[in-house]
Structure formats: C-alpha cells, structure tokens
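See below for the structure under consideration.
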C-alpha cells in the first residue's frame, strides 16, 4: 500500500510540475512577443510625437521603453530557454554567468526607479500648487535619469565580480561566491528595492494624484498632454501592483522559509509555482504599451504615427515611369515617388 501511495504522489508531482512548466512557457511567450511588439510601437509613437523632448513624464516613459526591451530580450528570452527547454547558458558560459543578472538588475532597478519618479512627477503635475507644478521640468528629468542609470551601474559592480560559475557536487552552478553579498541581495535588493519600495511609493503617490485629479478646477488648468501623461502613469501604477504583488509575496515567503527544513514533496511543489510567478513578474516590462492604450489620446497618436510610418514606406517605393515625347516612347525611368 505504501508503495502505491508513493507512486501516486510521485505521479501527482510530475503532473503538477508539467502543468506549471507549460503554463510558465506559454505565459513567457505571450509576455515576450506582446511586450517586444508593444515597446517597439511605443518607441515609434514617441519618436513621431516628439513629446519626450519637452515633457518630463514623456521622457521617463520613453527611456523606460528601452530598459524594458533589454529586460525582455535578455532576461525573459533566456528564462524561457532555461525553464521551457532546459537550455541555461549561465551553466556553460562563465562570462554570461557573471554578467546576465547584473545587466538585468541595472535595467530592472532603473525601470522601477523611473516608475517611482514618474509617479512622483505625476503627483507634482496634478498639484494645486503652481510652484510644485513648475518643479516638473525636462532638465530635472534628464538629471534624474542619468543619475539613476549611473547609480545602479555602480551598485551592480560587486555582482559582476562575486558572481561566478563553480562546480558543486559535480554539477556546474552559477552562484554568488560571497555569502554576505548573497544575503544582501536576497533580503534587501530582491525584497525591498525591486518589490516593497516601488509598491509603497507608487501606491502613496498614485493615491495622492487621484485625489488631486478629482478636483475639477485643477484638472481644467492642466494641458491635454499633462492630463494624458498623468492618466498613463496611473494605468502603469495599476499594472505594477497587479504583476508585482504575487512576486513580492513569493519573495517574502522564500525569505521567511529560508531556514525551514523542507521535504522533497514540498520542494517539488514550491519550485514550479515560484518559477511561474517569476515569469509572471516580467509583466510590468511587457504591459506598459497596453496600459497606455487605455488613453484615447494615445490611441489616436498611435494610429497617426503608424499611418505616417507606412505612408513614408509607400512613398519611398520604386515605381516604373514611362514618358512619351512626340511619337517616341522613352525607356522606363525608375524614380522615387
């Protein structure tokens, strides 16, 4: 009887792992394809509109698009290969092992920093105080963006040094060789910087912005572009809360149970669930464009930008042209129309 029970449990574990593995794989492809396409369209809209040159909120969103693309193409793609097809380049290439997570952290931490700054900027733009609204300038935005990128790059330098490909129990593993730094990343970076702090900051300033926007006199005094960027910031805040909430809970659970002895069944159940949640956490980097499409003005800008792009492609195509001079017909001349 015990043998049959063990067989049933093993079969149930295999089925559970397969279900979560395929779910993670499908979700990963949806986020990757949808996210890359959305971010490319997003870049087209902003380049055609040019609002990012003069508007702080637009500049934050524009820079974030490139960071999100880096995360999706570098992070999510390799995660799909590792979890779905068991192809993990960090276990065969030392350089990739030392640089992958550090590069992703620079992009993701910069992205969450810009999301927080964007939420604060939206709060300032919607403030009833004229002085506070005037503090939202493109010059300050440029300094904050450059400062965030430099700070997180410097912050990740130890990771490039301390992360290494080592052999543990005869198997290659890409791990942090310094225990103190590994704990710092687990308890502070993953738990606070990437999850708790962004959620708290955007929740507070998102609530204050909504309260400001309910005041009709303030809303009427804002330009249409400012109202649009504020609403887009609020949509993005909701997306971050939806996608980052489960990831925050999963990280807190992992930290809380780090020293708990777990049997093979519990580990077998937790691993595929945490893997699915980790894939789901790429949502904020893939959903920005679709959140912004909730804005009517942004949808109109998207249609106009796409018409301009495809219109310019058509006008640059080469067509044959014939010209008659009297009774002679000239040979076809190829001209750009």
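The values are calculated or read from the model by the stated rules, or taken from the named source; none is laboratory data. Computed from a prediction, not measured in an experiment: that's the story for all the values here. Here the Cβ is made from the backbone with ideal geometry for all residues, glycine too, and neighbour counts use every protein chain on show.
Some points to look at:
- Screening residue 63 on (1) surrounded by fewer than 20 Cβ atoms within 10 Å (Cβ to Cβ); (2) closer than 19 Å to residue 40 by Cα shows it passes everything except condition (1).
- Positions within the range 162-212 being assigned to a helix (DSSP H, G or I), free of Cβ contacts under 8 Å to residues at least 24 places away in the same chain and more than 20 Å from residue 238 (Cα to Cα), in sequence order: 162, 179, 180, 181, 182, 183, 184, 188
- Among the residues making up the range 53-90, those that are farther than 14 Å from residue 114 by Cα, in a helix (DSSP H, G or I) and modelled with pLDDT under 90 are 53, 83, 84, 85.
- Verdict on residue 115 being closer than 22 Å to residue 243 by Cα and either touching a residue at least 40 places away in the same chain (Cβ under 8 Å) or touching a strand residue (DSSP E or B) at 6+ places or on another chain (Cβ under 7 Å) (or both): yes
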